[in-house]
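Visitor: My questions all concern the structure below.
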Amino acid sequence: MFKPLALVAAVLSAFSLNAFAKTDLTVYTALEAEQLKTYKQAFEKANPDIEIKWVRDSTGIITAKLLAEKDRPQADAVWGLAASSLAILDQQGMLDTYAPKDLDKIGKNYRDPANPPAWVGMDIWAATICFNTVEAEKQGLTKPVSWQDLTKPEYKGKIVMPNPASSGTGFLDVSAWLQTYGEKQGWQYMDDLHQNIGQYVHSGSKPCKLAASGEFPIGISFEYPAVQLKRQGAPLDIILPKEGLGWDIEATAIIKGTAHADAAKKLADFSASPAAMDLYKDNFAVLAQPGIAKPQTELPADYEQRLIKNDFAWASKNRDSILAEWRKRYDGKSEKVAGQ
């Protein structure tokens, strides 16, 4: 027997389920793992119709994955990847340009100069030396104050740093040394530093964690893990070498061809918003939106002024040749990964 009320109820139920079905947004990221939950919850609270599906790895690996997927993109957006990597994707025509709602509040140095931009900055991270004072005293090591100090014979085998092929922090180090010293002297510096490297690892934060645990007395890393570990009681001195700090911008972008363009734009809007900057300020001392960051007592007040003049276009253009040369010279000390 025909039951029109039952049919209407079924149709309304199906419509209701469809109306409230969430959009799954696949977001690639190199953010630190402990940051993901907070950022995801804040975005989804503001956009209850969208659910983030994270794909997370280190900067170099995420960059390589995106490039490998160029012809069949799997990501909808990127939230938290080095601007130097996003510049490469932009050169490959892989990013959609979009001006988020709060673009006018973003510092001009911390966004793609094109209008509308292909990527928009979130925060800045910079090179830092993590120095274990307890281990240093045990081993009779003096405290370095410069990058050049790290080539002293007393540090032989005592230093761990990120591999630039897999780590954005590692690449910003290498790029900065080449820009600061010039290419010839930059490679000579890295030759000398290599004599003191115990291992190259595939993470920007791992060298600081290894220094904090005492496995190596010195880790070349960046300020976020250094500050977090020091707050947790690790016996670390945070050293900002006097020659200046290599740095990069964590940034957000939309992948061209996404089937979820509207949701990706909402992510870009949120990432550039004061609400998101309020989240970023808990982790970083320099934000893409000026006037929101709060001083971190573990870092000097002039921290931002210590950043080198960074040529992102040069770094992106020369990334492949820099990494090829680096691998040829130094890859023998790289940490082995599963399956190797």
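The values are calculated or read from the model by the stated rules, or taken from the named source; none is laboratory data. A quick note: this is a predicted structure, and the numbers were derived from the prediction, not measured. Positions of Cβ are generated from backbone atoms using ideal geometry, with glycine treated the same way; all protein chains shown enter the neighbour counts. Heavy atoms of the whole protein, side chains included, go into the accessibility calculation; ligands, DNA and RNA do not. Shrake-Rupley method; radii C 1.70, N 1.55, O 1.52, S 1.80 Å.
Visitor: Do any helices (runs of 4 or more DSSP H) entirely within the stretch 270-340 hold 2 or more residues that are at pLDDT 95 or above, basic (Lys, Arg) and more than 24 Å from residue 120 (Cβ to Cβ), and if so, which? Can you show your working first?
Guide: Working: elements: 274-280, 312-317, 319-330.
Where helices (runs of 4 or more DSSP H) fall fully within the stretch 270-340 and carry at least 2 residues being at pLDDT 95 or above, basic (Lys, Arg) and more than 24 Å from residue 120 (Cβ to Cβ), they are 319-330.
Visitor: Taking the conditions exactly as written (buried (at least 21 other Cβ atoms within 10 Å of the Cβ) and either under 20 Å from the mean Cα position of the chain (by Cα) or hydroxyl-bearing (Ser, Thr, Tyr) (or both)), does residue 297 satisfy them or not?
Guide: No: the conditions fail for residue 297.
To keep it simple, each residue is scored yes or no on (1) closer than 25 Å to residue 147 by Cβ; (2) without any contact (Cβ under 8 Å) to a residue 60 or more places away in the chain.
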position: 279; (1), (2): no, no
position: 288; (1), (2): no, no
position: 294; (1), (2): no, yes
position: 316; (1), (2): yes, no
position: 328; (1), (2): yes, yes
position: 336; (1), (2): no, yes
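Visitor: Separate question: Basic (Lys, Arg) and exposed (fewer than 15 other Cβ atoms within 10 Å of the Cβ) - does that describe any residue in the stretch 282-294? Steps first, please.
Guide: Filtering the stretch 282-294 for residues basic (Lys, Arg) gives 294.
Narrowing further to those that are exposed (fewer than 15 other Cβ atoms within 10 Å of the Cβ): 294.
Yes: the stretch 282-294 contains one or more residues that are basic (Lys, Arg) and exposed (fewer than 15 other Cβ atoms within 10 Å of the Cβ).
Visitor: Consider residue 258 against the criteria (1) more than 30 Å from residue 71 (Cβ to Cβ); (2) assigned to a loop (DSSP other than H, G, I, E, B); (3) of a type in the set (S, T, N, Q): it satisfies all of them except one. Which criterion is unmet?
Guide: With (1) more than 30 Å from residue 71 (Cβ to Cβ); (2) assigned to a loop (DSSP other than H, G, I, E, B); (3) of a type in the set (S, T, N, Q) applied to residue 258, the lone miss is (1).
Visitor: Let me ask something else. Among the residues of the stretch 231-268, how many are under 30 Å from residue 47 (Cβ atoms) and more than 19 Å from the chain's Cα centre (by Cα)?
Guide: Selection size over the stretch 231-268: 11.
Visitor: Which residue pairs have Cβ atoms closer than 6 Å, lie 6 or more positions apart in sequence or on different chains, and pair a first residue in the stretch 75-97 that is on the phi > 0 side of the Ramachandran plot with a second residue that is open to solvent by less than 10 Å² (accessible area, probe 1.4 Å) and of a type in the set (A, V, I, L, M)?
Guide: 80/31
Visitor: Evaluate the following for residue 88: is it open to solvent by less than 50 Å² (accessible area, probe 1.4 Å), among the β-branched types (Val, Ile, Thr) and modelled with pLDDT under 95?
Guide: yes
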